[in-house]
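The next block holds one structure in the form of structure tokens; read it before the comments.
The values are calculated or read from the model by the stated rules, or taken from the named source; none is laboratory data. This structure is a prediction, so every number in the text was calculated from the model and none was measured. Here the Cβ positions follow ideal geometry from the backbone for every residue, glycine too, while neighbour counts run over all protein chains shown.
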């Protein structure tokens with residue numbers, strides 16, 4: 001089989017996909033995009049009810065309610081994926097939490113929880129997934145943040161920004177380390193996307209709507225993103241045709257980060 005035929009074969013067969021933080025927002029849209037492609041998807045999250053909503057009316061989506069910061073989570077997630085999906089081709093490290101506080105206002109427990117969810121969990125889960133991903137020539141997609149790119153500050157979100165910068169550095173490092181195993185590692189850095197994560201973190205609906213409205217004039221593309229904007233790119237970067245993309249952090253933000 002030549003390289004072109006091999007790529008076609010990989011593109012046409014169902015893959016095994018894990019999406020963490022799959023109960024809402026970008027995670028849910030990503031799970032739907034993979035399932036609509038014909039892949040078998042395991043969605044992971046803390047809320048059984050939101051995971052069930054993600055899986056509703058979609059064949060091929062299985063759910064696993066678990067906190068990604070649980071010490072047992074890496075083993076449980078990978079073993080469940082192999083059982084439910086039969087293989088592991090794609091790992092999407094999407095689960096994240098965000099706090100809103102200045103340095104002087106930070107609560108130590110919240111800092112630890114944010115670092116554990118946004119940075120330590122992806123590190124340990126990816127580590128556990130290396131062997132099954134190597135067996136399929138798989139791809140890791142880390143969900144970062146366009147706000148943490150370059151030299152921009154993120155007042156009130158220093159811990160979140162630090163975790164995303166760390167994830168970007170891990171993306172580049174893992175890409176080099178794992179390339180000999182046939183594994184690609186890429187990241188997507190979403191800009192302002194209407195996922196309601198701030199509302200779930202405690203912001204009032206009124207304040208959230210005002211924030212979106214205040215940001216809109218700054219986005220050159222003239223609109224706030226939706227989760228499907230990011231999900232499309234997640235899937236695209238895992239396709240065989242994207243095989244030369246490795247170690248990259250792609251901003252998908254309507255050009256906000258370059259203004």
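Selection of the stretch 5-35 for residues being assigned to a helix (DSSP H, G or I), at pLDDT 95 or above and either under 14 Å from residue 239 (Cβ atoms) or under 12 Å from the mean Cα position of the chain (by Cα) (or both) yields 25, 26, 27, 28, 29, 30, 31, 33, 34. If only one of 155, 180 is surrounded by fewer than 13 Cβ atoms within 10 Å (Cβ to Cβ) and free of Cβ contacts under 8 Å to residues at least 40 places away in the same chain, which one is it? Selected residue: 180, the only one of 155, 180 that is surrounded by fewer than 13 Cβ atoms within 10 Å (Cβ to Cβ) and free of Cβ contacts under 8 Å to residues at least 40 places away in the same chain. Of all positions in the stretch 58-71, none carries a residue that is over 17 Å from the mean Cα position of the chain (by Cα) and in a helix (DSSP H, G or I). Applying the criterion of being under 15 Å from residue 143 (Cβ atoms) and without any contact (Cβ under 8 Å) to a residue 60 or more places away in the chain to the residues of the stretch 32-60, the residue that is surrounded by the fewest Cβ atoms within 10 Å (Cβ to Cβ) is 45. Quickly run through the stretch 172-191 and pick out the residues that are part of a helix (DSSP H, G or I), closer than 20 Å to residue 235 by Cα and out of contact with any strand residue (DSSP E or B) (no Cβ under 7 Å at 6 or more places or on another chain). If the condition is that a residue be part of a helix (DSSP H, G or I), closer than 20 Å to residue 235 by Cα and out of contact with any strand residue (DSSP E or B) (no Cβ under 7 Å at 6 or more places or on another chain), then 172, 179 are the ones that fit. Residues in the stretch 208-242 that are under 19 Å from the mean Cα position of the chain (by Cα) and in a loop (DSSP other than H, G, I, E, B) were compared, and the one that is surrounded by the most Cβ atoms within 10 Å (Cβ to Cβ) is 224. When 43, 78, 111 are checked against the criterion of being modelled with pLDDT of 95 or more and touching a strand residue (DSSP E or B) at 6+ places or on another chain (Cβ under 7 Å), a single residue qualifies: 43. Criterion applied to 169, 109, 134, 113 was being in contact with a helix residue (DSSP H, G or I) (Cβ under 7 Å, 6 or more places away or on another chain) and either surrounded by fewer than 18 Cβ atoms within 10 Å (Cβ to Cβ) or outside any helix (DSSP H, G or I) (or both), and the one residue passing it is 134. Restricting the stretch 192-201 to residues that are touching a residue at least 60 places away in the same chain (Cβ under 8 Å) and either farther than 22 Å from residue 22 by Cβ or in a helix (DSSP H, G or I) (or both), the residue that is nearest to the chain's Cα centre (by Cα) is 197.
Applying the set (1) surrounded by fewer than 21 Cβ atoms within 10 Å (Cβ to Cβ); (2) modelled with pLDDT of 95 or more; (3) closer than 23 Å to residue 227 by Cβ to residue 127 leaves exactly one unmet item: (3). Of the candidates 219, 230, the single residue that is over 25 Å from residue 22 (Cα atoms) and either touching a residue at least 12 places away in the same chain (Cβ under 8 Å) or touching a helix residue (DSSP H, G or I) at 6+ places or on another chain (Cβ under 8 Å) (or both) is 219. Of all residues in the stretch 84-92, none satisfies being more than 15 Å from residue 19 (Cβ to Cβ), touching a strand residue (DSSP E or B) at 6+ places or on another chain (Cβ under 9 Å) and free of Cβ contacts under 8 Å to residues at least 60 places away in the same chain.
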